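Let me begin by presenting the structure, written as structure tokens, before commenting on it.
The values are calculated or read from the model by the stated rules, or taken from the named source; none is laboratory data. Nothing here was measured: the structure is a model prediction, and the numbers come from that model. Virtual Cβ from ideal backbone geometry, glycine too; neighbours counted across all protein chains shown. For accessibility, only protein heavy atoms count, side chains too; no ligands or nucleic acids. Shrake-Rupley method; radii C 1.70, N 1.55, O 1.52, S 1.80 Å.
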Amino acid sequence: MKFVSTSVVALALALLAGCATPPEEGAGSRGASAGGAGMADASIGNSGAPLAGSEQDFRQTAGDRVFFATGTDALSAEAQATLRRQAAWLKRYPQVDVLIEGHADERGTRDYNLALGERRATSVKERLEALGISAARIQTVSYGKERPTCVAGTPACWQENRRAVTVLR
């Protein structure tokens with residue numbers, strides 16, 4: 001009997017460990033969820049729509065990233081539109097804080113790209129503040145070129161990596 005109990009406990013712990021393991025950071029492209037087929041997602045309601053206030057709701061409603069031209073932290077018209085949607089979403093959910101991750105493509109030195117990523121994250125933070133989001137709700141971090149979403153070394157790939165990503169906290 002003790003063998004059966006130990007086996008059942010070991011199986012239960014293994015199943016719980018599998019459920020508790022978070023998805024790989026940065027999995028997917030443009031904020032897409034990386035869940036497997038048939039797996040339940042806690043941010044999806046019974047109707048298949050994302051739950052209000054969830055990370056998936058944020059990605060789908062507002063968009064979680066903006067892109068930049070080479071070597072700049074200037075926000076394009078498209079980026080500003082995304083940030084207006086993000087600010088509107090964040091106003092609906094005042095309990096949510098965010099981390100703005102600044103990124104750069106692989107070209108340039110590590111120090112240059114860390115500084116550029118920081119300027120990009122700060123640019124996004126300042127725009128969200130101008131749109132009425134409290135600075136106390138926003139933190140920034142720069143990853144420079146250390147966390148690319150694409151590694152092909154092509155202009156299209158570099159464009160994907162020149163970004164700022166808004167992560168809910």
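So with the 1.4 Å probe, I'd like the accessible area per residue for the range 93-169, rounded to whole Å².
47
Tell me, what ³J(HN,Hα) does each residue in the range 131-138 have, in order and in whole Hz, if you take phi through Karplus 6.51 cos²θ - 1.76 cosθ + 1.60 with θ = phi - 60° and put x for Gly and Pro?
Taking θ as phi minus 60°, the curve returns 8, x, 8, 4, 4, 5, 8, 10 Hz for the range 131-138.
For a test of the definition: using alpha carbon positions, the gyration tensor, and the 1.5 limit on a/c, classify the range 71-169 as rounded, prolate or oblate.
Because a/c hits 1.5 or more and a/b exceeds b/c, the range 71-169 counts as prolate.
Quote the FRET efficiency, to the nearest 0.05, computed for C157 versus E129 with a Förster distance R0 of 30 Å and r equal to the Cβ-Cβ distance.
0.45
Between the alpha-carbon centers of the range 115-169 and the range 57-94, tell me the distance in whole angstrom.
The two parts, judged by their Cα centres, are 10 Å apart.
Assuming R0 = 25 Å, can you tell me the calculated FRET efficiency for the pair R85 and T109, based on Cβ-Cβ distance, to the nearest 0.05?
0.15
How long is the gain from R169 to V141 if the chain were fully straight, where each residue apart is worth 0.36 nm and the alpha carbon distance is subtracted?
My answer for the length gained is 8.8 nm.
Could you give the dipole magnitude of the range 67-169 about its Cα centre, charging the beta-carbon of Lys and Arg +1 and that of Asp and Glu -1, in debye to the nearest 20?
Result for the range 67-169 is approximately 320 debye, rounded to the nearest 20.
Carbon and sulfur atoms: what percent of the 1.4 Å accessible area of the range 45-166 do they account for?
51
Whose amide H sits under 5 Å from the amide H of I133, counting only residues 5 or more places off or on another chain, with H placed in the peptide plane?
Amide H neighbours of I133: none.
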